[in-house]
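Any read-out appearing in this document is the output of simple, stated calculations on the displayed coordinates, not a laboratory observation. Quick caveat: nothing in here was measured; it's all calculated off a predicted structure. Cβ sites come from the backbone with ideal geometry, for glycine too, and all protein chains shown count toward neighbours.
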Amino acid sequence: MAWRPYENLIEGELDNSRPGQVTGSLRFLGLEEPVRLELKGDFLPDIKGKVIILKNAAPADRNTALNRSGTYMKDFSAVQKGEVGDITAGLPPYPYVKYPYIEWYSEGNGRVVLELEQDQIEIIER
């Protein structure tokens, strides 16, 4: 089962400006400190080599939506080391899907997926 903390996402930045490496940090509702990402691999071709800024104007705890107690992020590792899955902004010619999709495979948490709306991502050229 994949972690899907997109409701809990507050903001973050992912950087693929170094080939074969994705680094960055993400802030989630339910965690006091930002989560650091140290991943091997690249974004998909629509944003490969770029930096993306993620934001969520209305973060909410996924457990609240599922009528569960406690925070969904309780056992989420503060450092996400592992491999990049599919990371795309969903831009034509749509290398994977038509919306922002961020996926990685963490040593501590397994598969993590963020499915976002177009207005939740900004692409930065560095």
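Note that the range 13-25 has calculated 3J(HN,Hα) couplings of 9, 10, 10, 10, 6, 9, x, x, 9, 10, 10, x, 9 Hz, one per residue in order, obtained from phi through the Karplus relation 6.51 cos²θ - 1.76 cosθ + 1.60 (θ = phi - 60°); glycine and proline are x. Please report how far the C-alpha centroid of the range 60-95 lies from that of the range 1-36, rounded to the nearest whole angstrom. Computed from Cα coordinates, the inter-centre distance equals 8 Å.
In the chain, helical runs assigned H by DSSP with n ≥ 4 each contribute -39500 (n - 2.57); averaged across all residues and rounded to the nearest 500, the mean residue ellipticity at 222 nm is -500 deg cm²/dmol.
Computed from the C-beta positions of Glu32 and Tyr96, the FRET efficiency with R₀ = 35 Å rounds to 0.60. All C-alpha to C-alpha distances of the chain, sorted into 5 Å bins beginning at zero, yield P(r) values of 2, 12, 22, 26, 21, 11, 4, 1, 0 percent in whole numbers.
Along the range 76-88 the Karplus relation, 6.51 cos²θ - 1.76 cosθ + 1.60 evaluated at θ = phi - 60°, assigns HN-Hα couplings of 7, 5, 5, 10, 9, 9, x, 10, 5, x, 9, 10, 9 Hz to successive residues, with x for each Gly and Pro. Taking a straight Cα-Cα cut-off under 21 Å and skipping sequence neighbours fewer than 8 places away in the same chain, the lysines within cross-link reach of Lys98 are Lys48, Lys50, Lys55.
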